[in-house]
Ligand SMILES: [Zn+2]
C-alpha cells in the first residue's frame, strides 16, 4: 500500500511537469502500460493473501483511475496551450488581399521591344496613341495621299474586308485621325498591329509597326534626323550614327530611308577577316522609312489649323518586330509568332 502511494506521488508529479504531448505519452506507457509497475501489481493481486486482495486491488485501481484522469486533463491543457502558441505565431490577417499568383511567364519579346521604343519616344516628348486595326480605306490610303487607283496601293498587299474597309496596312492612318482632333503642335507615336498579305522569313501577315508624327512650326529634316539619331543611340548604343538616303513614300515629300551604323561590326562591314552578314558588309542597316509630311496630307485636316504655309512636320514608320530581330539577332520573323516556349523564354 505504501509502494502504491509512492508510485502515485511520483507519477503525479511527473505528469504535472510534463511539457509536451510526446512526454505525456511516454509517461502513460511508463505508468499505465502493459509492463508498468501498477499494471503488474493489478495482475499479481491473485497471488496476495486473500484478506489483502480487496484493499490492494481497490487502492491500485484508484491509482490507475486517478492517473488516467490526470493524463487526460494534462493532455488537454497542453493541446490548448500548443494551439494558443501556434495561433500567436502563425497569425494571419484575413483582411489582407490574397497572395498574388506567382509569375507564370513574362512579356513577349515584341511587347518588351514596343514598350522600350515607346519609352524612348516619350522621353523625346512624344505621346503614345493607338488606333483601330480595322480601318477605313479613307484613312489607310486616301488621306495619306494615296487616292484610289494610285499605284502605291499595289505596293501593299492589302486585306480588304469590304470595298471601303481594310485591315490597316500600317499605323499611319492615325496621322490623319490624330490631326482631325488636335490642332498643331502634335508629337505622337502610334504602335500597333498591321496586316499585309505576305509570308516568308522576313514577312508575316500580321506584324507590328510604330509610326511617328511631329508637326509644329519650323520643323525641318534636321529635326527628323536628330530624333532618329537619339532613338538609334538609345536602342542600339551610344556609338550609333544614322544616315539618310532618298526614298519614296506617297505621304512624305521629300522621303528618306534611314540607316543606322551597324552595331554588329561597328560600321566597318567586317568582323575580323569575314564580311559581316548582318549588314552584308556595308556597315549600315536599314531600319525605317520617313520624310517630311506631304502638304497634300495637311489638306485633309486644314480646318484644324494645319496650314502648310505655317506648319511643317515629319513622319516615320518602323517595324517593331524588325527592331527586335536586329537587336537580339533573331534570324526569322516567323519565330516571333509560333509561340514556341523554347524561343520565347530566351528573351
Ligand atoms: Zn555590320
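A few notes on this one:
- Among 285, 271, 323, residue whose mean-square fluctuation peaks in a GNM of the chain (springs only between Cα atoms under 10 Å): 271
- The three principal axes of the C-alpha atoms in the stretch 139-290 carry coordinate ranges of 54, 41, 24 Å, sorted with the longest axis first.
- Using a Gaussian network model of the chain in which every pair of alpha carbons under 10 angstrom is joined by a spring, one finds that among 333, 244, 67 the greatest mean-square fluctuation is at 67.
- Geometric descriptor of the stretch 217-308, per residue, is 98 Å³ (volume of the convex hull of the Cα atoms).
- A convex hull fitted around the alpha carbon atoms of the chain yields 282 Å³ per residue.
- Spacing of the two label points (7 Å from each Cα toward its C-beta) at residue 52 and residue 134, in nm: 10.5
- Only DSSP H runs of four or more residues enter the estimate; each adds -39500 (n - 2.57), and after division by the residues of the chain the mean residue ellipticity at 222 nm equals -12500 deg cm²/dmol.
- Förster radius 45 Å - calculated FRET efficiency between residue 335 and residue 25 (Cβ-Cβ, nearest 0.05): 0.10
- Whether the stretch 82-226 is rounded, prolate or oblate, judged on the alpha carbon gyration tensor where a/c under 1.5 counts as rounded: prolate
- Mean Cβ count within 10 Å, highest first, over the residues of peptides 221-228, 92-99: 221-228, 92-99
- Among 35, 280, 310, the largest mean-square fluctuation in a Gaussian network model of the chain (Cα springs under 10 Å) belongs to 35.
- Rounded if a/c under 1.5, otherwise prolate or oblate - the stretch 161-224, Cα gyration tensor axes: oblate
- In this simple spin-label approximation, residue 107 and residue 206 carry label points 7 Å from Cα along the Cα→Cβ vector, and these lie 1.9 nm apart.
- Cα-derived Rg over Rh, computed across the stretch 2-89 with Rh taken as Kirkwood radius: 1.11
- Extension gain, residue 45 to residue 16, is 7.6 nm, computed as 0.36 nm per intervening residue step minus the present C-alpha separation.
- FRET efficiency for the residue 79 to residue 1 pair, using the beta carbon distance and R₀ = 41 Å, is estimated at 0.75.
- Global geometry of the stretch 275-343, whether rounded, prolate or oblate, following the gyration tensor of its Cα atoms and the 1.5 cut on a/c: oblate
Each reported figure results from applying straightforward, stated rules to the coordinates on display, with no laboratory input. Note that the structure is a prediction, hence the values are computed from the model and not measured. Every residue, glycine among them, receives a Cβ derived from its backbone with ideal geometry; neighbour counts consider all protein chains shown.
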